[in-house]
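Inspection log for the structure reproduced underneath, given as structure tokens.
Computed from the coordinates by the stated procedures, all read-outs in this text should not be read as laboratory data. What you see is a predicted model; the values in this text were computed from it and never measured. Backbone-built Cβ (ideal geometry, glycine too); neighbour counts: all protein chains shown.
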Amino acid sequence: MFGSRSSKEEKAAATDKVSADLSQPRDPQAPKGRPTPKRAVAQSQRKAVVASTGNRKEDVKRARERRRAEMAKQREALANGDERYLPTRDKGPVRRFVRDFVDSRFSVAEMFLPLAVAILVLSMVRQPTIQNIALLLWLGVIVLIVLDSIGLVFRLRKALNERFPNEPRRGAVAYGLMRTLQMRRLRLPKPQVKRGERP
């Protein structure tokens with residue numbers, strides 16, 4: 001009622017611009033390149049995307065089925081490495097290179113879980129010498145993991161600078177470190193390279 005005509009026109013122009021920007025896929029690590037839409041604009045876009053049938057139960061059922069289908073595609077992509085359906089954190093050539101770089105080498109951190117269980121069992125034995133050995137093993141494993149992780153950080157940064165000098169690499173090294181903490185057979189997306197193979 002009291003809003004000016006120009007602000008309404010600006011809203012409409014912003015909506016058109018945002019919908020045009022959303023139609024093109026973009027690299028998840030690239031800068032956004034557009035202003036964040038106003039809440040009203042974003043809500044209207046969400047409502048436009050999900051076509052309502054008028055029946056609330058039917059809409060919920062459709063949304064659940066759509067979500068289930070998307071999750072199934074994502075699980076399949078995590079198993080076979082299909083880039084199209086991977087989660088945003090795993091998409092892009094930089095993240096793929098980091099995964100291959102980590103998967104191609106052995107790291108001490110991936111053995112942390114089995115070693116932790118073994119050391120925990122040793123520490124439960126009621127003999128002081130065995131408990132001291134367990135404590136020394138804990139310290140040794142932690143030192144080895146820290147040293148291995150520091151070495152990985154330097155090597156991975158160097159490899160990323162050589163391979164992707166002009167691409168955004170924010171968070172790639174931390175992504176690689178988190179991957180080393182998982183046992184190889186439990187990693188998702190599944191490893192696509194063998195040990196010793198150059199990525």
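Placing dummy labels 7 Å off each Cα toward the beta-carbon, the span from Lys190 to Gln127 is 4.4 nm. Phi angles of region 69-85 translate, via the Karplus equation with coefficients 6.51, -1.76, 1.60 and θ = phi - 60°, into HN-Hα couplings of 5, 5, 5, 5, 4, 5, 4, 5, 5, 5, 6, 10, x, 5, 5, 5, 10 Hz per residue; Gly and Pro are given as x. Taken one residue at a time, the phi angles of region 173-180 give Karplus couplings (6.51, -1.76, 1.60, θ = phi - 60°) of 5, 5, 4, x, 5, 5, 5, 5 Hz. Gly and Pro are set to x. Full extension of the chain between Glu197 and Leu135 yields a length gain of 18.8 nm, computed as 0.36 nm times the residue separation minus the alpha carbon distance. Couplings 3J(HN,Hα) for region 94-101, derived from phi with the Karplus relation 6.51 cos²θ - 1.76 cosθ + 1.60 (θ = phi - 60°), are 5, 5, 5, 4, 4, 4, 5, 4 Hz, where x marks Gly and Pro.
Can you tell me how much longer the chain between Ala63 and Tyr85 gets when fully stretched, taken as 0.36 nm per residue apart minus their C-alpha distance, in nm with one decimal?
Numbers: separation 22, 0.36 × 22 = 7.92 nm, distance 1.81 nm.
Contour length minus Cα-Cα distance gives 6.1 nm.
On the basis of the beta-carbon distance and an R0 of 45 Å, Arg56 and Arg170 show a calculated FRET efficiency of 0.65.
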